[in-house]
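Colleague: Mind looking over this structure? Questions follow.
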Amino acid sequence: MNAAPLARRPLGCLKASLRQARQQRAPAFLARQLSTVTPKVPSTGALPEHNFFRMIDKKTKKTRSAFAIYAQPPPVPVTTAAKATAAKATVLPAPPPDPMPLLDAEQIKRMDPTGARTALFTKTRYAARVGDVLQVTHRRGGEPFAGVCLAIRRNGIDTAILLRNHLSKVGVEMWYKIYNRNVAGIEIVKRRAKRARRAKLTYMRQPKHDMGSVADLVFAWKKTRKVIGSRAGAGKGVQAVGKKRK
Amino acid sequence: MLQLKSMLNCIDNSGAAIVECVMVVGQKRHASIGDRIVCVVQKQKGASESGMTASSNATKVKRGDIRHAVVVRTKQKVTRRDGSVVRFDDNACVLINKAGDPIGTRINGIVGQELRTKKWSKILSMAPMQA
């Protein structure tokens, strides 16, 4: 019938092909001839002739098929005595626990034996939060990096914080992994007055919202710490949540 | 991620203010901190009154000069070995001559610590800060 125009139907042109399909819509009396339904063949249960999946299973020596329907096991005649044991047998063993949280916990325990790092960033009242000014001390010396915390990426052992500061009038952002051994300490320099209503304060990169340098905040904090330290005794900062002081 | 046509700030006292990258030296990828590029000086410092003529004695380079430079800051994040990441708010470079010595005598502004691993110790020692 319409075999030739069907074959020339343009590909990828939806409108045109729809139009063609509309034109070629068969009248009712032709519908039977056009139908693509193949006559039903009584299924014999045997595998088809092609050998896409006619692989011989090495163990069972039987043909393996991706479409195989596995036979149900034959029902076991249930006696009243055997019922109790059958009920026991049908209870499946509990699935093994998800290994990833366990691995995470183990790694965190190894990298943070005191639990101070975890405590500083768990969601408690005293924990550091987004918007606080934090200072990260590096183990390899150098200037400690202070900045306002724009984001906390909580991801188990991968947990990291994003600090932003201005150093010599250039904005600098640093991601630090909190469980990194090179991070000797993280201290809260100044808490945000009000809780931030965003999880990520990336808007603080815009000049309108930028905090600028936090050097003066760090300076003031150091001064207060010195005063407290001299009063209370050697190196016992009260406000700071430090891990390892030098 | 600096490549052909990228504009960078020049943060030394060679006299250039803004340069345009025309080539990344020695690799086919984009340039990051510590990579050497070839650039064209597009704007001179203190050249606000007029372009070519207003070159004071301090400027060692002029607009249109083709120079080598080392990238010292990028906006693109740079990951370090320990997983920490640094990102600056601008792209900046320091002009050098073909031998690799800086043309200027001072650097005003922070530079990335990656210069240390890339063996730009002269530039690092001139810089006031590194992050």
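The values are calculated or read from the model by the stated rules, or taken from the named source; none is laboratory data. Model, not experiment: these values are computed from the prediction. With ideal geometry, Cβ positions are generated from the backbone for all residues, glycine too; neighbour counts draw on all protein chains shown.
Colleague: Across segment B:117-131, what is the number of residues that are within 14 Å of chain A (Cβ to nearest Cβ) and either surrounded by 17 or more Cβ atoms within 10 Å (Cβ to Cβ) or closer than 18 Å to A:PRO144 by Cα (or both)?
Modeller: Selection size over segment B:117-131: 7.
Colleague: Taking segment A:155-166, which residues are among the aliphatic types (A, V, I, L, M) and either closer than 15 Å to A:MET111 by Cα or surrounded by fewer than 21 Cβ atoms within 10 Å (Cβ to Cβ) (or both)?
Modeller: A:ILE157, A:ALA160
Colleague: So which of B:VAL78, B:VAL41 ends up being touching an Asp or Glu at 6+ places or on another chain (Cβ under 7 Å), modelled with pLDDT of 95 or more and more than 23 Å from A:SER168 (Cα to Cα)?
Modeller: Of the residues listed, the single one that is touching an Asp or Glu at 6+ places or on another chain (Cβ under 7 Å), modelled with pLDDT of 95 or more and more than 23 Å from A:SER168 (Cα to Cα) is B:VAL41.
Colleague: Restricting to segment A:186-204, what's the tally of residues that are free of Cβ contacts under 8 Å to residues at least 12 places away in the same chain and either of a type in the set (S, T, N, Q) or closer than 25 Å to A:ALA116 by Cα (or both)?
Modeller: 2
Colleague: Taking segment B:63-100 as the region of interest, how many residues are basic (Lys, Arg) and within 14 Å of chain A (Cβ to nearest Cβ)?
Modeller: Residues flagged as basic (Lys, Arg) and within 14 Å of chain A (Cβ to nearest Cβ) within segment B:63-100 amount to 6.
Colleague: Tell me which residues, restricted to segment B:1-34, are outside any strand (DSSP E or B) and closer than 18 Å to B:GLY109 by Cα.
Modeller: First, the residues of segment B:1-34 that are outside any strand (DSSP E or B): B:1, B:3-6, B:11, B:13-15, B:25-30, B:32-34.
Within segment B:1-34, B:ILE11, B:ASN13, B:SER14, B:GLY15, B:SER32, B:ILE33, B:GLY34 qualify.
Colleague: Filter segment B:89-131 for residues that are polar (S, T, N, Q) and within 11 Å of the chain's Cα centre (by Cα) and give the result.
Modeller: First, the residues of segment B:89-131 that are polar (S, T, N, Q): B:91, B:97, B:105, B:108, B:113, B:117, B:121, B:125, B:130.
Listed by number, the list holds a single entry, B:ASN91.
Colleague: Could you please let me know if A:ARG125 is more than 25 Å from B:GLN113 (Cβ to Cβ), free of Cβ contacts under 8 Å to residues at least 40 places away in the same chain and basic (Lys, Arg)?
Modeller: yes
Colleague: Right, next: Applying the selection to segment A:199-208, what residues are of a type outside the set (Val, Ile, Thr) and either touching a strand residue (DSSP E or B) at 6+ places or on another chain (Cβ under 8 Å) or more than 13 Å from A:HIS166 (Cβ to Cβ) (or both)?
Modeller: The answer is A:ALA199, A:LYS200, A:LEU201, A:TYR203, A:MET204, A:ARG205, A:GLN206, A:LYS208.
Colleague: If you don't mind, there's one more thing I want to ask. Suppose we filter segment B:101-112 for residues that are within 14 Å of chain A (Cβ to nearest Cβ) and exposed (fewer than 15 other Cβ atoms within 10 Å of the Cβ); how many remain?
Modeller: Matching residues across segment B:101-112 total 2.
Colleague: Another question, then. With the requirement that a residue be β-branched (Val, Ile, Thr) and at pLDDT 95 or above, what does segment B:47-72 give you?
Modeller: Hits for segment B:47-72 are B:ILE66, B:VAL70, B:VAL71, B:VAL72.
Colleague: When you scan segment B:22-39, how many residues do you find that are in contact (Cβ under 8 Å) with a residue 24 or more places away in the chain and surrounded by 14 or more Cβ atoms within 10 Å (Cβ to Cβ)?
Modeller: 11
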